[in-house]
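To keep things clear, I will list the structure first and then write my remarks on it.
Please treat every number below as a calculation from the coordinates, not as lab data. Since the structure is predicted, the reported quantities are computational estimates derived from the model, not experimental observations. When we count neighbours, we look across all protein chains shown, and the Cβ atoms used for this are built from the backbone with ideal geometry, even at glycine.
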Amino acid sequence: MGVRIGVPRGMYFYKFYPFTRRFLTELGAEVVPSPPTNKEILDLGSRYCIDDACLPVKVYHGHAEYLKDKVDYMLIPRLTSISPREYICPKFGGLPEMVKYSIDKLPKLIDVEINMYKTRRNLINSLLKAGSMLTKNPYRIKRAADKAAKEQIMYNNDLLKGDLPCKYIDNADVQRCNTGPLVGIAAHPYLLYDNFINMNLLEKLSSRGIKFFVPEMVEKSVIEEKCKIFEKRMFWSSSKELIGSALYMMENDKIDGIMMLTSFGCGIDSLSIELIQRLGRRKYNKPFMVMTLDEHTGDANFNTRLEAFLDLIDRRQAN
Amino acid sequence: MRLTYPHMGEAYIAVKALFDDLGIESIIPPYSTENTLRIGVKECPEGICLPFKIMLGNYVKSIEDGADTIVITGSCGPCRFGYYGPLQKLILEDMGYNVDMIILDPLKEGIGKFINNIRRLSNGAGFKAYKVFMDAYRVCEKIDELNQVQYFVRPRTKDKARVNSIMHEFKSKVLSAKGSKEISDLIDTTKNQLLALDIDMDMNPIKIGIIGEIYTIIDPFSNLNAEERLGDMGAEVHRSMTVKDWAENNLVKPLRRQKPYELEIKLSKPYLPVLIGGHTQQCLGHAVNYALSGYDGLVQIYPMGCMPEIVSRSILPQIEKDYDIPILYLIVDEQTGEAGYQTRLEAFYDYVQTRKKKRS
């Protein structure tokens with residue numbers, strides 16, 4: 001096997017890992033993802049990261065610290081923009097620097113910039129640059145990128161149908177339930193699919209007989225359309241997904257309640273949740289709850305709030 | 001149309017000059033106080049940054065004074081400031097205030113909309129508007145000069161109370177001055193008053209540079225008068241960003257087809273090679289610039305949860321090491337207590353001064 005490339009399991013891992021894995025494997029590298037978040041990784045993260053960063057950034061630091069001795073390279077891409085005329089969040093753009101200056105003795109970083117703000121074609125250059133660290137042959141990089149893109153499309157389609165990323169990435173599925181009420185969960189992928197940070201939310205819901213609906217199950221075109229209610233264009237892709245899917249959940253009659261997960265100190269969410277709440281309150285009348293997570297979140301109070309929310313849905317349905 | 005605009009430090013002076021010259025009636029919101037902030041905090045989402053809360057308080061106060069149109073600048077960068085306008089409008093509507101909001105987005109977001117907004121604001125002035133704008137810009141330059149004088153005089157004079165009273169007098173008189181001409185004259189008079197004080201020219205105070213998020217370093221209310229406090233202790237401060245800098249780089253330089261923020265971008269390149277939004281590059285660039293020009297310490301101020309500044313905050317320790325310059329990090333929000341803040345500034349001042357003495 002060739003070089004070992006570490007991929008920290010944080011930020012947009014659950015969004016783009018299939019692409020990354022396929023691309024790097026095709027180029028002859030061994031891809032080493034860090035294990036799912038656990039107490040040790042979270043503690044490492046809060047120790048090394050500056051204290052007022054948001055939870056996902058801290059978790060990311062933990063994963064990077066955990067991986068650093070186990071690999072030859074580490075992939076920390078700079079995701080400035082993943083779709084034209086949109087950014088994600090400044091922290092995504094500064095992530096390589098944040099990690100680099102907070103953690104000592106890192107292996108060599110692959111920190112290519114992915115910036116599709118002007119055009120999607122910039123991705124080609126970024127991939128060429130990343131690939132050239134492993135092979136000199138540009139055609140091989142192109143073939144790898146094509147295969148990776150196909151894989152990513154298949155992955156996205158599976159998610160659209162309702163599969164969860166863990167099934168695809170770790171071969172472990174959450175037992176799903178088909179009977180109870182349907183709860184929409186609007187949250188960023190790094191909170192929604194990280195079972196340690198969100199206190200096993202998905203399993204908890206399933207074990208209580210609740211079905212859930214996640215933003216990845218909403219079509220891109222629907223999200224675009226829902227975001228047109230703003231006079232000003234939405235220039236964050238992360239927030240767009242959140243607002244678009246939350247508004248879709250509000251409108252969809254099959255969904256009985258909406259729950260939002262956010263991390264303490266998330267800049268984008270502080271705006272988008274307020275927008276959703278204020279717009280939602282004007283038109284719709286659905287149970288809605290926001291759960292704020294950080295490294296001090298306790299299981300007990302999380303459960304209490306969750307139960308209260310589910311009781312509310314039950315009572316609404318009984319009436 | 002009775003216009004109003006939020007406070008940002010001394011920006012109101014230039015904006016007032018601009019609207020006065022255009023012949024538009026504008027209402028300056030009362031100076032920000034605890035009460036302003038309280039109004040904002042009550043209605044705002046808790047996680048939003050401090051400037052949002054203060055600005056909302058400003059609007060409410062102005063509306064109570066009879067304003068019906070709010071002007072703010074916009075942006076479409078990754079910083080949250082870009083969506084301030086739409087959300088603030090939504091909140092004001094929910095509070096029962098029906099006001100018009102003019103958001104001046106940058107040119108590249110649509111020329112038609114921009115020209116339309118300018119036409120609404122320029123009161124049919126046509127090309128005269130350009131001249132009026134440049135006059136207002138000159139007022140910004142004058143304010144900068146006044147601030148420079150103040151930074152120089154404050155640590156060097158014994159009569160610090162007199163400096164305060166001169167500045168207070170200026171603040172109250174400027175509200176009744178009309179147009180850029182009168183305001184410029186007033187600034188000149190104030191400057192001369194400051195220079196006429198008893199100044200100890202041989203004194204060699206420590207020099208502290210203030211870097212960080214643009215609103216919180218420009219607006220003295222939001223940073224609890226950090227400049228004044230440091231100056232009173234005996235440090236000569238310099239603030240990295242001013243209203244004039246902002247206007248120069250965002251309005252004047254694009255008009256003249258020059259590149260904005262060239263120096264800052266060049267100096268910050270080794271630490272952060274690309275633009276990630278907000279003023280991260282500027283903050284880092286200024287830090288390096290201050291270190292190279294022989295400053296003794298830096299203070300970074302930013303609102304709690306500011307996304308771009310958190311990135312600079314995690315890079316700054318490296319600059320601290322590389323250039324051997326101490327940095328104090330201050331995070332402000334509505335919970336910031338005055339006593340703790342003062343203690344930290346004092347401790348930092350003592351530390352920097354002792355350090356300087358030991359080295360000389």
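Quick look at the values:
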item	result
Sorted by Cβ neighbour density within 10 Å, fewest at the top, the residues B:Asp198, B:Asp219	B:Asp198, B:Asp219
Neighbour-count ranking [beta-carbon atoms within 10 angstrom, fewest first] of B:Leu316, B:Leu90	B:Leu90, B:Leu316
Chain B, helix-only ellipticity at 222 nm - DSSP H runs n ≥ 4, -39,500 (n - 2.57), divided by all residues, nearest 500	-17500 deg cm²/dmol
Net dipole in debye of chain B [+1 Lys, Arg Cβ; -1 Asp, Glu Cβ; about Cα centre; nearest 20]	880 debye
Among B:Glu248, B:Glu109, B:Glu227, residue whose mean-square fluctuation peaks in a GNM of chain B (springs only between Cα atoms under 10 Å)	B:Glu109
At R0 = 41 Å, FRET efficiency that the Cβ-Cβ distance of A:Lys150 and A:Glu203 yields, to 0.05	0.85
Extension gain, A:Arg233 back to A:Gln277 (0.36 nm per residue minus Cα-Cα distance, nm)	14.0 nm
Neighbour-limited loop hits for trypsin sites (Lys or Arg not before Pro), region A:191-299 (at most 11 other Cβ within 10 Å; DSSP other than H, G, I, E, B)	A:Lys254
Residue among A:Gln175, A:Gln277, A:Gln152 with the largest mean-square fluctuation in a Gaussian network model of chain A, springs linking Cα atoms under 10 Å	A:Gln175
Those GluC sites (Glu not before Pro) in region A:180-249 that DSSP places in a loop and that have at most 13 other beta carbons within 10 Å	A:Glu219, A:Glu231
If the convex hull is drawn through the Cα atoms of the protein assembly as shown, its volume per residue in Å³	169 Å³
Top of A:Ala246, A:Ala64, A:Ala149 by mean-square fluctuation, Gaussian network on chain A, Cα under 10 Å	A:Ala149
Separation in nanometres of the label points that stand 7 Å from Cα toward Cβ, at B:Asp200 and B:Glu25	5.2 nm
Net charge over other residues, Cβ less than 9 angstrom from the Cβ of A:Lys232 (K, R count +1; D, E count -1)	-2
A:Lys254/B:Met95 FRET efficiency (R0 41 Å; Cβ-Cβ; nearest 0.05)	0.75
Distance-filtered residues of region B:258-300 - backbone nitrogen under 19 Å, label point 7 angstrom along B:Arg359 Cα→Cβ	B:285-300
Relative intensity, log₁₀ I(q)/I(0), of region B:225-360 from a Debye sum that treats every alpha carbon as a point, q = 0.12, 0.17, 0.22 Å⁻¹	-0.53, -1.03, -1.48
Region B:3-126: C-alpha gyration tensor shape, a/c 1.5 cut-off, then a/b vs b/c	oblate
Cα centroid separation - region A:150-189 against region B:20-36, whole Å	53 Å
Part-to-part distance (alpha-carbon centres) for region B:235-312 and region B:107-124, which is given in Å	28 Å
Sparse-neighbourhood loop sites, trypsin sites (Lys or Arg not before Pro) in region A:61-113 - DSSP loop, at most 16 other Cβ within 10 angstrom	A:Lys70, A:Arg85, A:Lys105
Radius 10 Å from Cβ of A:Val99, net charge of other residues (Lys, Arg +1; Asp, Glu -1)	-1
Summed side-chain charge close to A:Asn122 - residues other than A:Asn122 whose Cβ falls under 11 Å, Lys, Arg +1, Asp, Glu -1	+3
Mean separation of Cα contacts under 8 Å (6+ apart) over length of chain A, as relative contact order %	17 percent
Difference of contour (0.36 nm per residue) and Cα-Cα distance, A:Tyr139 to A:His296	51.7 nm
Estimated inter-spin distance, B:Asp65 and B:Val252, nm [label 7 Å along Cα→Cβ]	2.7 nm
Distance from region A:274-319 to region A:31-47 (C-alpha centre basis), Å	29 Å
Debye intensity ratio I(q)/I(0), log10, region A:75-220, q values 0.15, 0.16, 0.19 Å⁻¹ (C-alpha model)	-1.00, -1.09, -1.28
Over 20 Å between alpha carbons, listed pairs A:Lys100/B:Lys207; A:Lys70/A:Lys108; B:Lys16/B:Lys128; A:Lys161/A:Lys211	A:Lys100/B:Lys207
MRE, 222 nm, helices only [DSSP H, n ≥ 4, -39500 (n - 2.57), over chain A, to nearest 500]	-15000 deg cm²/dmol
Rounded to whole Å, sorted largest first: equivalent-ellipsoid semi-axes of chain B, Cα gyration tensor	32, 24, 21
Chain A - Kirkwood radius from inverse mean 1/r over Cα pairs (Å)	20.5 Å
Whole-Å semi-axes of the ellipsoid equivalent to region A:179-281 (Cα gyration tensor, √5λ, descending)	23, 16, 11
